[in-house]
1. Please calculate how many Å² of accessible area the chain carries per residue, with a 1.4 Å probe and no DNA, RNA or ligand atoms counted.
2. Give the angle, between 0 and 90 degrees and rounded to the nearest 10, that separates the Cα long axis of helix 39-55 from the longest principal axis of the Cα atoms of the chain.
3. Take the solvent-accessible surface of the protein heavy atoms, probe 1.4 Å, and return the percent of it on segment 216-306 that carbon and sulfur atoms account for.
4. What is the gain in length, in nm to one decimal, between E262 and A212 on full extension, counting 0.36 nm per residue of separation less the C-alpha to C-alpha distance?
5. Return the carbon/sulfur percentage of the accessible area of segment 52-209, one whole number, probe 1.4 Å, all protein chains in place.
6. Show me the ranking of peptides 166-179, 31-44 by mean Cβ neighbours inside 10 Å, starting with the highest.
7. Take the Cα pairs of segment 183-273, get the Kirkwood Rh, then feed it into Stokes-Einstein at 10 °C and 1.306 mPa s and tell me D in µm²/s.
8. For segment 82-91, in order, what is each residue's ³J(HN,Hα) by Karplus, 6.51 cos²θ - 1.76 cosθ + 1.60 with θ = phi - 60°, in whole Hz (x at glycine and Pro)?
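The values are calculated or read from the model by the stated rules, or taken from the named source; none is laboratory data. All values derive from a computational prediction rather than experimental measurement. Don't worry about glycine lacking a Cβ; one is built from the backbone with ideal geometry, like all the others, and counts go over all protein chains shown. When the accessible area is computed, the model is the full protein with side chains, heavy atoms only, and any ligands, DNA or RNA have been set aside. Shrake-Rupley method; radii C 1.70, N 1.55, O 1.52, S 1.80 Å.
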Amino acid sequence: MFKKVLTAAAIGLTLTVAAAQSWPTKPVRMVVPFPPGGGTDILARLVSAKLSEAHGWNIVADNRPGVGGTLGITEAARATPDGYNFVFGQKDNLVIGPWLYKNLTWNPVKDFAPVAHVAYSPVLIATSADSPYQTLADVVAAAKKAPDSITYGSPGNGTSIHLAATILEKEAGIKLVHVPYKGSNPAMLDVIAGNVQLLSSSVPSALGQIKAGKLRPLAVTSATRSSSLPDVPTVQELGIEGIEAFDVATWYGVMAPAGTPEDVVNSVNAAVNTLLTDEAVRSAMQAQGAEPLAMGVAEFGEFLNKDYTAWESVVKDSGVQLD
(Lines give C-alpha, C1' and ligand atoms only; values in the text may rest on other atoms or scores of the structure.)
Protein backbone atom coordinates (compact mmCIF):
# COMPACT_ATOMS: atom_id res chain seq x y z
CA MET A 1 0.00 0.00 0.00
CA PHE A 2 2.78 2.41 1.01
CA LYS A 3 4.63 1.63 -2.23
CA LYS A 4 1.46 2.31 -4.22
CA VAL A 5 1.04 5.72 -2.54
CA LEU A 6 4.67 6.58 -3.25
CA THR A 7 4.28 5.46 -6.84
CA ALA A 8 1.15 7.57 -7.28
CA ALA A 9 2.91 10.61 -5.79
CA ALA A 10 5.93 10.07 -8.04
CA ILE A 11 3.71 9.80 -11.09
CA GLY A 12 1.89 12.99 -10.10
CA LEU A 13 5.17 14.84 -9.66
CA THR A 14 6.45 13.56 -13.00
CA LEU A 15 3.29 14.73 -14.76
CA THR A 16 3.55 18.19 -13.14
CA VAL A 17 7.18 18.60 -14.20
CA ALA A 18 6.36 17.37 -17.69
CA ALA A 19 3.48 19.85 -17.97
CA ALA A 20 5.75 22.71 -16.91
CA GLN A 21 8.42 21.69 -19.40
CA SER A 22 5.93 21.49 -22.26
CA TRP A 23 4.46 24.97 -21.65
CA PRO A 24 3.58 26.77 -23.83
CA THR A 25 1.96 24.56 -26.46
CA LYS A 26 0.06 27.44 -28.11
CA PRO A 27 0.28 31.25 -28.43
CA VAL A 28 0.31 33.21 -25.16
CA ARG A 29 -1.78 36.39 -24.98
CA MET A 30 -0.34 39.53 -23.39
CA VAL A 31 -3.13 42.07 -22.89
CA VAL A 32 -1.89 45.65 -23.25
CA PRO A 33 -4.47 48.03 -21.71
CA PHE A 34 -3.44 51.04 -23.83
CA PRO A 35 -3.40 51.86 -27.56
CA PRO A 36 -0.43 50.98 -29.80
CA GLY A 37 2.48 53.40 -29.77
CA GLY A 38 2.34 54.61 -26.16
CA GLY A 39 4.94 54.01 -23.46
CA THR A 40 3.20 50.97 -21.94
CA ASP A 41 2.65 49.42 -25.37
CA ILE A 42 6.29 49.92 -26.38
CA LEU A 43 7.56 48.24 -23.21
CA ALA A 44 5.01 45.40 -23.46
CA ARG A 45 5.94 44.64 -27.06
CA LEU A 46 9.66 44.81 -26.28
CA VAL A 47 9.31 42.31 -23.43
CA SER A 48 6.97 40.03 -25.41
CA ALA A 49 9.24 40.01 -28.46
CA LYS A 50 12.43 39.39 -26.50
CA LEU A 51 10.89 36.57 -24.45
CA SER A 52 9.62 34.95 -27.64
CA GLU A 53 13.03 35.34 -29.26
CA ALA A 54 14.95 33.94 -26.29
CA HIS A 55 12.71 30.97 -25.49
CA GLY A 56 10.84 30.16 -28.68
CA TRP A 57 7.55 31.22 -27.08
CA ASN A 58 4.85 32.89 -29.15
CA ILE A 59 3.68 35.83 -27.03
CA VAL A 60 1.11 37.99 -28.82
CA ALA A 61 0.40 41.56 -27.66
CA ASP A 62 -3.34 42.29 -27.58
CA ASN A 63 -4.23 45.99 -27.19
CA ARG A 64 -7.41 46.56 -25.15
CA PRO A 65 -7.48 50.31 -24.35
CA GLY A 66 -10.15 52.30 -22.54
CA VAL A 67 -11.22 53.77 -19.19
CA GLY A 68 -7.74 54.81 -18.13
CA GLY A 69 -6.32 51.37 -18.85
CA THR A 70 -8.76 49.59 -16.52
CA LEU A 71 -10.77 48.05 -19.38
CA GLY A 72 -7.88 45.79 -20.37
CA ILE A 73 -7.20 44.93 -16.74
CA THR A 74 -10.86 43.96 -16.31
CA GLU A 75 -10.66 41.66 -19.34
CA ALA A 76 -7.49 40.05 -17.99
CA ALA A 77 -9.13 39.48 -14.59
CA ARG A 78 -11.92 37.54 -16.32
CA ALA A 79 -9.56 35.46 -18.48
CA THR A 80 -9.00 31.75 -17.91
CA PRO A 81 -6.07 31.21 -15.49
CA ASP A 82 -4.48 28.52 -17.64
CA GLY A 83 -1.05 30.08 -18.15
CA TYR A 84 -1.95 31.50 -21.55
CA ASN A 85 -3.32 34.87 -20.42
CA PHE A 86 -1.21 37.71 -19.03
CA VAL A 87 -1.53 41.48 -18.83
CA PHE A 88 1.13 44.17 -18.97
CA GLY A 89 -0.18 46.53 -16.31
CA GLN A 90 1.15 49.57 -14.55
CA LYS A 91 0.60 51.68 -11.46
CA ASP A 92 -2.20 53.86 -12.86
CA ASN A 93 -4.55 51.05 -13.82
CA LEU A 94 -3.65 48.42 -11.22
CA VAL A 95 -3.08 50.46 -8.06
CA ILE A 96 -4.73 53.86 -8.57
CA GLY A 97 -7.64 52.79 -10.80
CA PRO A 98 -9.44 50.67 -8.18
CA TRP A 99 -9.61 53.67 -5.81
CA LEU A 100 -10.47 56.09 -8.61
CA TYR A 101 -13.18 54.24 -10.55
CA LYS A 102 -16.02 53.21 -8.24
CA ASN A 103 -17.54 50.55 -10.52
CA LEU A 104 -14.55 48.23 -11.04
CA THR A 105 -15.27 44.58 -10.25
CA TRP A 106 -11.75 43.37 -9.43
CA ASN A 107 -9.10 43.77 -6.76
CA PRO A 108 -5.46 43.78 -7.90
CA VAL A 109 -4.29 41.80 -4.88
CA LYS A 110 -7.06 39.18 -4.77
CA ASP A 111 -7.87 38.71 -8.46
CA PHE A 112 -4.36 38.65 -9.95
CA ALA A 113 -1.15 36.71 -9.54
CA PRO A 114 1.90 39.02 -9.65
CA VAL A 115 4.35 37.61 -12.20
CA ALA A 116 7.22 40.03 -12.85
CA HIS A 117 8.07 43.66 -12.13
CA VAL A 118 9.68 45.12 -15.26
CA ALA A 119 10.56 48.80 -14.84
CA TYR A 120 9.66 52.12 -13.27
CA SER A 121 9.60 55.69 -14.55
CA PRO A 122 9.68 58.91 -12.52
CA VAL A 123 7.33 61.84 -13.02
CA LEU A 124 8.97 64.96 -14.42
CA ILE A 125 8.24 68.51 -13.27
CA ALA A 126 9.13 70.99 -16.04
CA THR A 127 8.44 74.48 -17.32
CA SER A 128 8.94 76.32 -20.59
CA ALA A 129 12.43 77.36 -21.61
CA ASP A 130 11.30 81.01 -21.30
CA SER A 131 9.89 80.60 -17.79
CA PRO A 132 11.24 82.75 -14.94
CA TYR A 133 11.46 79.60 -12.79
CA GLN A 134 14.99 78.23 -12.94
CA THR A 135 14.53 75.59 -10.24
CA LEU A 136 11.73 73.80 -8.42
CA ALA A 137 12.74 75.77 -5.31
CA ASP A 138 11.83 78.95 -7.24
CA VAL A 139 8.37 77.51 -7.89
CA VAL A 140 7.85 76.57 -4.24
CA ALA A 141 8.97 80.03 -3.04
CA ALA A 142 6.63 81.79 -5.48
CA ALA A 143 3.70 79.52 -4.59
CA LYS A 144 4.15 80.19 -0.89
CA LYS A 145 4.05 83.93 -1.50
CA ALA A 146 0.95 83.68 -3.69
CA PRO A 147 -1.09 80.46 -3.23
CA ASP A 148 -3.15 79.33 -6.26
CA SER A 149 -1.22 81.67 -8.56
CA ILE A 150 0.74 78.99 -10.43
CA THR A 151 -0.91 76.58 -12.86
CA TYR A 152 0.30 73.15 -13.93
CA GLY A 153 -0.87 70.84 -16.68
CA SER A 154 -1.11 67.04 -16.50
CA PRO A 155 -2.34 64.27 -18.82
CA GLY A 156 -5.57 63.95 -16.86
CA ASN A 157 -7.38 63.76 -13.54
CA GLY A 158 -6.40 60.89 -11.28
CA THR A 159 -3.31 59.77 -13.21
CA SER A 160 -0.20 59.02 -11.17
CA ILE A 161 1.35 62.03 -12.89
CA HIS A 162 -1.42 64.29 -11.58
CA LEU A 163 -1.33 62.72 -8.11
CA ALA A 164 2.48 63.05 -7.90
CA ALA A 165 1.97 66.82 -8.14
CA THR A 166 -0.70 66.75 -5.41
CA ILE A 167 1.74 64.91 -3.13
CA LEU A 168 4.38 67.53 -3.90
CA GLU A 169 1.92 70.30 -3.01
CA LYS A 170 1.07 68.64 0.29
CA GLU A 171 4.65 67.97 1.35
CA ALA A 172 5.98 71.37 0.27
CA GLY A 173 3.03 73.19 1.86
CA ILE A 174 1.93 74.97 -1.33
CA LYS A 175 -1.22 75.28 -3.42
CA LEU A 176 -1.09 75.10 -7.22
CA VAL A 177 -3.91 75.13 -9.78
CA HIS A 178 -4.33 71.88 -11.70
CA VAL A 179 -5.27 72.05 -15.39
CA PRO A 180 -6.11 68.51 -16.62
CA TYR A 181 -5.70 67.64 -20.31
CA LYS A 182 -6.58 64.62 -22.41
CA GLY A 183 -3.03 63.36 -22.70
CA SER A 184 0.50 64.64 -22.18
CA ASN A 185 1.00 66.27 -25.57
CA PRO A 186 -1.67 69.00 -25.34
CA ALA A 187 -0.55 69.83 -21.79
CA MET A 188 3.05 70.10 -22.94
CA LEU A 189 2.20 72.33 -25.90
CA ASP A 190 0.29 74.72 -23.64
CA VAL A 191 3.24 74.92 -21.25
CA ILE A 192 5.63 75.64 -24.12
CA ALA A 193 3.23 78.34 -25.37
CA GLY A 194 3.13 79.91 -21.91
CA ASN A 195 -0.57 79.30 -21.34
CA VAL A 196 0.21 77.08 -18.32
CA GLN A 197 3.25 77.61 -16.12
CA LEU A 198 4.30 74.07 -15.15
CA LEU A 199 4.10 70.60 -16.60
CA SER A 200 3.73 67.33 -14.71
CA SER A 201 4.62 64.61 -17.22
CA SER A 202 6.21 61.24 -17.82
CA VAL A 203 9.86 61.43 -18.85
CA PRO A 204 9.33 59.81 -22.30
CA SER A 205 6.56 62.25 -23.24
CA ALA A 206 8.69 65.32 -22.50
CA LEU A 207 12.13 64.08 -23.55
CA GLY A 208 11.94 65.27 -27.17
CA GLN A 209 10.94 68.84 -26.25
CA ILE A 210 13.65 68.99 -23.57
CA LYS A 211 16.28 67.97 -26.13
CA ALA A 212 14.84 70.54 -28.54
CA GLY A 213 15.37 73.25 -25.92
CA LYS A 214 11.68 74.11 -25.54
CA LEU A 215 11.19 72.71 -22.04
CA ARG A 216 13.28 73.27 -18.93
CA PRO A 217 13.27 70.20 -16.62
CA LEU A 218 13.15 71.15 -12.94
CA ALA A 219 13.07 67.82 -11.08
CA VAL A 220 12.15 64.14 -11.23
CA THR A 221 10.05 62.55 -8.50
CA SER A 222 11.87 59.24 -8.04
CA ALA A 223 14.39 58.50 -5.28
CA THR A 224 17.23 58.42 -7.83
CA ARG A 225 17.90 60.41 -10.99
CA SER A 226 16.63 59.26 -14.36
CA SER A 227 19.29 57.74 -16.62
CA SER A 228 17.54 59.57 -19.49
CA LEU A 229 18.03 62.93 -17.72
CA PRO A 230 21.10 62.44 -15.52
CA ASP A 231 21.61 66.18 -14.96
CA VAL A 232 18.10 66.73 -13.59
CA PRO A 233 17.93 66.55 -9.77
CA THR A 234 15.39 64.58 -7.78
CA VAL A 235 12.87 66.45 -5.63
CA GLN A 236 14.56 64.96 -2.58
CA GLU A 237 17.99 66.31 -3.61
CA LEU A 238 16.77 69.90 -3.70
CA GLY A 239 16.42 70.17 0.07
CA ILE A 240 13.09 72.00 -0.08
CA GLU A 241 11.80 72.78 3.40
CA GLY A 242 9.20 70.25 4.54
CA ILE A 243 10.29 67.54 2.12
CA GLU A 244 12.51 64.98 3.84
CA ALA A 245 11.89 62.13 1.41
CA PHE A 246 10.13 61.96 -1.93
CA ASP A 247 9.73 58.92 -4.14
CA VAL A 248 6.82 58.76 -6.59
CA ALA A 249 7.18 56.74 -9.77
CA THR A 250 5.03 54.82 -12.24
CA TRP A 251 5.89 51.13 -12.43
CA TYR A 252 5.21 48.48 -15.07
CA GLY A 253 4.78 44.75 -14.57
CA VAL A 254 3.37 41.46 -15.86
CA MET A 255 0.32 40.03 -14.08
CA ALA A 256 -1.84 36.95 -14.61
CA PRO A 257 -5.36 35.98 -13.50
CA ALA A 258 -5.43 34.53 -9.98
CA GLY A 259 -5.08 30.76 -10.09
CA THR A 260 -2.56 30.70 -12.95
CA PRO A 261 -0.27 27.66 -12.43
CA GLU A 262 2.58 28.53 -10.07
CA ASP A 263 5.18 26.77 -12.22
CA VAL A 264 4.24 28.94 -15.21
CA VAL A 265 4.36 32.11 -13.09
CA ASN A 266 7.82 31.17 -11.80
CA SER A 267 9.05 30.36 -15.31
CA VAL A 268 7.92 33.71 -16.70
CA ASN A 269 9.35 35.57 -13.71
CA ALA A 270 12.75 33.92 -14.19
CA ALA A 271 12.68 34.64 -17.93
CA VAL A 272 11.78 38.33 -17.44
CA ASN A 273 14.43 38.79 -14.74
CA THR A 274 17.07 37.28 -17.01
CA LEU A 275 15.90 39.54 -19.82
CA LEU A 276 16.40 42.60 -17.61
CA THR A 277 20.12 41.82 -17.31
CA ASP A 278 20.57 42.16 -21.10
CA GLU A 279 22.29 45.49 -21.82
CA ALA A 280 20.54 45.94 -25.17
CA VAL A 281 17.15 45.49 -23.50
CA ARG A 282 18.08 47.81 -20.63
CA SER A 283 19.24 50.48 -23.09
CA ALA A 284 16.03 50.17 -25.10
CA MET A 285 13.94 50.65 -21.93
CA GLN A 286 16.05 53.57 -20.74
CA ALA A 287 15.63 55.23 -24.14
CA GLN A 288 11.91 55.27 -23.31
CA GLY A 289 12.57 56.88 -19.92
CA ALA A 290 12.02 53.62 -18.02
CA GLU A 291 14.44 52.16 -15.47
CA PRO A 292 14.61 48.32 -15.52
CA LEU A 293 14.08 46.71 -12.10
CA ALA A 294 13.71 42.96 -11.49
CA MET A 295 11.87 41.39 -8.54
CA GLY A 296 11.08 37.87 -7.44
CA VAL A 297 7.44 36.74 -7.45
CA ALA A 298 7.01 37.12 -3.68
CA GLU A 299 8.82 40.47 -3.65
CA PHE A 300 6.62 41.81 -6.43
CA GLY A 301 3.52 40.61 -4.59
CA GLU A 302 4.56 42.44 -1.41
CA PHE A 303 5.38 45.55 -3.43
CA LEU A 304 1.95 45.47 -5.14
CA ASN A 305 0.09 45.01 -1.86
CA LYS A 306 1.96 47.86 -0.15
CA ASP A 307 1.53 50.25 -3.09
CA TYR A 308 -2.18 49.46 -3.46
CA THR A 309 -2.79 50.19 0.22
CA ALA A 310 -0.70 53.38 0.22
CA TRP A 311 -2.51 55.00 -2.70
CA GLU A 312 -5.98 54.75 -1.17
CA SER A 313 -5.40 57.82 0.99
CA VAL A 314 -3.64 59.70 -1.83
CA VAL A 315 -6.64 59.31 -4.15
CA LYS A 316 -9.13 60.16 -1.39
CA ASP A 317 -7.16 63.26 -0.38
CA SER A 318 -7.09 64.40 -4.01
CA GLY A 319 -10.90 64.55 -4.11
CA VAL A 320 -10.96 62.94 -7.57
CA GLN A 321 -13.65 60.29 -8.18
CA LEU A 322 -14.51 58.94 -11.63
CA ASP A 323 -17.42 56.81 -12.82
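1. 45 Å²
2. The angle comes out near 30 degrees.
3. Ligands and nucleic acids excluded, carbon and sulfur give 49 percent.
4. Contour length minus the Cα-Cα distance gives 13.2 nm.
5. The computed percentage sits at 52.
6. So the peptides 166-179, 31-44, ranked by packing, come out 31-44, 166-179.
7. After rounding, the answer is 99 µm²/s.
8. Per residue, the Karplus-derived 3J(HN,Hα) values read 9, x, 10, 9, 9, 9, 9, x, 8, 3 Hz.
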